[in-house]
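Enquirer: Attaching a single structure in structure tokens format; questions to follow.
The values are calculated or read from the model by the stated rules, or taken from the named source; none is laboratory data. Because the structure is a prediction, the values reported are computed rather than measured. When we count neighbours, we look across all protein chains shown, and the Cβ atoms used for this are built from the backbone with ideal geometry, even at glycine.
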Amino acid sequence: MPSGTVDITRYEVDIISNVGPNPARVRLYRPNGSLAVIMSFFEPDRIPRDNDAPLNFPATGFARVNYPISALAPVIDILRNEKPIYFQWITLERPYGYLTTSAEPVGEGEI
């Protein structure tokens, strides 16, 4: 399985009305406009499928990762307020992915 980092420059959010196992989805895009990640957000009583990415990821293709619905608001906050943003894909015993930002100075905040 692959590991690596993808620059994220655009995103789309879907809030889905009572259809399927996940009520929200976020799609993350590379600088060239290609889809890099589909983040699915699940209710606590739903069991999501395993995280997955193609063998050539992060160069091409896209990863599928699952989060609890409680993570949706913090993810949207990061996407709206931070720059640059990266998606990190790690393959250990079970593959996982996460959003990350660049290092920021201590005490930096809104004025």
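Enquirer: Going by the structure shown, is residue 46 in a strand (DSSP E or B) and surrounded by 15 or more Cβ atoms within 10 Å (Cβ to Cβ)?
Expert: When the stated conditions are applied, residue 46 does not pass them.
Enquirer: List every residue pair whose Cβ atoms sit under 7 Å apart, with the two residues 6 or more apart in sequence or on different chains, where the first one lies in the stretch 65-83 and is without any contact (Cβ under 8 Å) to a residue 40 or more places away in the chain and within 22 Å of residue 102 (Cβ to Cβ) and the second, anywhere, is small (Gly, Ala, Ser) and surrounded by 11 or more Cβ atoms within 10 Å (Cβ to Cβ).
Expert: So the pair list comes out as 65/97.
Enquirer: Now, a different point. Could we say that residue 7 is outside any loop (DSSP other than H, G, I, E, B) and either under 18 Å from residue 77 (Cβ atoms) or aliphatic (A, V, I, L, M) (or both) here? Even if it seems obvious, please write down each step before you answer.
Expert: Values: outside any loop (DSSP other than H, G, I, E, B): yes; either under 18 Å from residue 77 (Cβ atoms) or aliphatic (A, V, I, L, M) (or both): no.
So residue 7 does not fit the description; no.
Enquirer: Any residue at all in the stretch 2-25 that's touching a residue at least 40 places away in the same chain (Cβ under 8 Å) and touching a Gly at 6+ places or on another chain (Cβ under 8 Å)?
Expert: Looking for residues that are touching a residue at least 40 places away in the same chain (Cβ under 8 Å) and touching a Gly at 6+ places or on another chain (Cβ under 8 Å), one finds none in the stretch 2-25, hence no.
Enquirer: Failed condition for residue 39, given (1) in a loop (DSSP other than H, G, I, E, B); (2) touching a helix residue (DSSP H, G or I) at 6+ places or on another chain (Cβ under 9 Å); (3) closer than 22 Å to residue 88 by Cα; (4) not β-branched (Val, Ile, Thr), with all others met?
Expert: If we test residue 39 against (1) in a loop (DSSP other than H, G, I, E, B); (2) touching a helix residue (DSSP H, G or I) at 6+ places or on another chain (Cβ under 9 Å); (3) closer than 22 Å to residue 88 by Cα; (4) not β-branched (Val, Ile, Thr), just (1) comes out false.
Enquirer: Quickly run through the stretch 52-104 and pick out the residues that are of a type outside the set (Gly, Ala, Ser), modelled with pLDDT under 90, crowded, with 18+ Cβ neighbours inside 10 Å and not in a strand (DSSP E or B).
Expert: Hits for the stretch 52-104 are 57, 58.
Enquirer: Pick from the stretch 26-53 the residues that are touching a residue at least 40 places away in the same chain (Cβ under 8 Å) and acidic (Asp, Glu): which of them is nearest to residue 86 (Cα to Cα)?
Expert: Taking the candidates together, the pick is 52.
Enquirer: For the structure I just gave you, tell me whether residue 7 is among the acidic types (Asp, Glu), over 19 Å from residue 100 (Cβ atoms) and surrounded by fewer than 16 Cβ atoms within 10 Å (Cβ to Cβ).
Expert: Answer is no for this residue.
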